[in-house]
Amino acid sequence: MRLFSFLTLISLVLLVASAHANVILTSVERKIDLDSQFARIYETYKVQNKGSTTVKSVTVCHIVHEKTSIGHVVAKVAAKRELEIAPSLESKDLPSDVVCHDVRLEKPLSPSASTIFNLFAVFTEAQTPYPATIEQNQLPLMIYLNNVYITSPYEVLSQKTEVTLPSSRVKSYTENSPSTRFDKTIKYGPYENVKPFTSKQMRLHYESTKQFKKVTSLVKEIEVSHWGNVYVEEKYELENYGPKHKGAFSRLQYVKMGSMIQNSFRDMVARLPPKARSIYYVDRIGNISTSNVRPSASYTFLDFSTRYPLMGGWKVDFKLGYSVPLEAVVSRSPSGRRHLSFEIGSPLLDVFVEDVEVRIVLPEGAYNINTLLPLPMAESRDVKFSYLDISGRPVVVLKRRLMVPEQEMTRLEVSYDFNSLSMMREPLLLIFS
């Protein structure tokens with residue numbers, strides 16, 4: 001049975017490879033940046049069409065292990081123009097740890113012609129704690145797995161890889177001649193004439209003092225009031241997903257060691273809109289006073305600390321709220337239609353969000369509601385009732401699985417019609433009640 005499965009896998013790989021026989025990669029340069037909690041991969045592809053027909057798209061593939069997810073992937077040509085990229089249908093015929101995308105070229109590639117494009121991808125939870133549990137005074141070690149060679153359905157004439165680690169303290173790493181290591185950098189290649197889907201595991205084991213912050217759940221409510229403000233409240237569940245803390249926690253040892261304790265964090269920074277005001281930061285117990293607001297021309301920065309240090313595996317939940325002037329985020333077109341523009345992600349720096357739900361609460365009486373979304377999101381409608389509401393306030397509900405820092409500054413747009421006379425409902429109810 002195992003032999004049959006193996007032969008089936010080999011035949012599928014050969015089938016996919018033969019479908020790409022008209023394309024060769026004359027050169028691929030890959031840089032893997034592990035100097036954070038993410039794995040960020042930068043690749044430069046030089047593509048040549050050696051067939052007799054034009055080529056419209058090129059397939060790029062990556063290794064994705066266990067909990068690892070591709071949070072963001074973008075392809076651009078040398079002039080920084082973004083190319084269309086989408087998941088490849090052929091991924092289903094490949095091993096479960098291989099994920100492919102099709103990059104649509106700027107213009108069809110004629111026979112014998114060549115082109116160059118760059119690809120950037122962000123991977124979450126690509127670095128795995130090993131050991132998985134450590135004591136309070138131990139340093140965290142991580143393992144990163146990948147392919148020494150470029151995972152590709154095409155033949156690669158020349159390729160090389162450069163890996164940047166978070167520390168020069170490396171326990172072990174895969175050697176594959178030619179390969180070298182200096183300080184925090186490991187280089188593989190150049191390798192010549194590499195066949196499609198050639199594989200050799202790259203295993204790196206190293207010390208990392210980076211903070212592994214993950215928001216497991218974010219519910220962001222944006223409530224529009226035509227009386228002058230837009231109110232924002234964000235509910236967070238935050239986790240330290242580094243090596244899990246083992247044994248008892250010593251507050252005395254934590255105070256003595258201070259910043260020397262690497263497997264914990266407490267300080268956070270939120271980047272709020274420049275005109276944010278009435279800022280609050282609370283948890284289940286109540287207000288948390290360990291916060292400081294730093295205004296600037298572009299943003300309002302909120303420095304705050306969690307109520308207690310987050311050791312590996314520990315979690316905390318809290319709320320962050322503020323308001324912004326209506327005119328700062330809602331505009332009105334000559335036809336009278338209103339347009340709300342707001343950042344869709346979390347304002348917390350250097351985190352990623354596993355599950356995000358954005359709720360846009362519009363004024364009672366808003367109608368003809370349309371959305372323009374910068375990212376694929378599941379969209380639905382709801383109704384919220386508040387003080388003196390009669391029919392309720394329409395709510396646009398947006399949900400998405402996984403959002404990384406590169407996506408959190410993108411803005412959603414919601415347009416709607418609204419009769420200003422609707423604002424008189426609540427005052428009239430108060431007068432005549």
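The values are calculated or read from the model by the stated rules, or taken from the named source; none is laboratory data. Note that the structure is a prediction, hence the values are computed from the model and not measured. Note that we place each Cβ from the backbone using ideal geometry, even for glycine, and neighbour counts take in every protein chain shown. For accessibility, only protein heavy atoms count, side chains too; no ligands or nucleic acids. Shrake-Rupley method; radii C 1.70, N 1.55, O 1.52, S 1.80 Å.
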- Task: Output the residue which, of all residues in region 241-253 that are touching a Pro at 6+ places or on another chain (Cβ under 9 Å) and surrounded by 18 or more Cβ atoms within 10 Å (Cβ to Cβ), is farthest from THR410 (Cα to Cα).
- Result: PRO243
- Specify the residue that is most open to solvent (accessible area, probe 1.4 Å); the eligible residues are those in region 261-275 that are within 19 Å of LYS220 (Cβ to Cβ) and either touching a Ser or Thr at 6+ places or on another chain (Cβ under 9 Å) or among the charged types (D, E, K, R) (or both). LYS275
- Message: Could you check region 35-92 and list, in sequence order, the residues that are hydroxyl-bearing (Ser, Thr, Tyr) and either surrounded by 13 or more Cβ atoms within 10 Å (Cβ to Cβ) or part of a strand (DSSP E or B) (or both)?
- Response: SER36, TYR42, THR44, TYR45, THR54, SER57, THR59, THR68, SER69, SER88, SER91
- Return a yes/no flag: does region 126-145 have any residue that is without any contact (Cβ under 8 Å) to a residue 60 or more places away in the chain, in contact with a Ser or Thr (Cβ under 9 Å, 6 or more places away or on another chain), of a type in the set (A, V, I, L, M, F, W, C) and surrounded by 17 or more Cβ atoms within 10 Å (Cβ to Cβ). no
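Quick grid of which residues meet (1) of a type in the set (Lys, Arg); (2) outside any strand (DSSP E or B):
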{"position": "SER96", "(1), (2)": "no, yes"}
{"position": "CYS100", "(1), (2)": "no, no"}
{"position": "ARG104", "(1), (2)": "yes, no"}
{"position": "SER112", "(1), (2)": "no, yes"}
{"position": "PHE117", "(1), (2)": "no, no"}
{"position": "PHE120", "(1), (2)": "no, no"}
{"position": "PRO131", "(1), (2)": "no, yes"}
{"position": "LEU139", "(1), (2)": "no, yes"}
{"position": "MET142", "(1), (2)": "no, no"}
- Task: State yes or no: is SER167 polar (S, T, N, Q) and assigned to a strand (DSSP E or B)?
- Result: no
- Note on the structure: Per the list (1) touching a His at 6+ places or on another chain (Cβ under 8 Å); (2) within 26 Å of ARG400 (Cβ to Cβ), residue check on ASN263 breaks on (2)
- Task: Scan region 75-101 for residues that are in contact with a helix residue (DSSP H, G or I) (Cβ under 8 Å, 6 or more places away or on another chain) and either more than 21 Å from ARG203 (Cα to Cα) or at pLDDT below 90 (or both) and jot them down.
- Result: GLU90, ASP93, LEU94, PRO95, CYS100
- Please work out if GLU155 is at pLDDT 95 or above and more than 15 Å from GLN201 (Cα to Cα). yes
- If we ask which residues in region 180-214 are in contact (Cβ under 8 Å) with a residue 24 or more places away in the chain and either under 26 Å from TYR154 (Cβ atoms) or open to solvent by 80 Å² or more (accessible area, probe 1.4 Å) (or both), their number turns out to be 19
- Enumeration of residues in region 343-368 that are more than 30 Å from THR300 (Cα to Cα), of a type outside the set (S, T, N, Q) and at pLDDT 95 or above: none
- VAL395, sole failed condition from (1) within 30 Å of ALA86 (Cβ to Cβ); (2) among the aliphatic types (A, V, I, L, M); (3) at pLDDT 95 or above: (1)
- Query: Out of (1) open to solvent by 10 Å² or more (accessible area, probe 1.4 Å); (2) within 30 Å of LYS67 (Cβ to Cβ); (3) part of a loop (DSSP other than H, G, I, E, B), the odd one out for ILE390 is which?
  - Reply: (2)
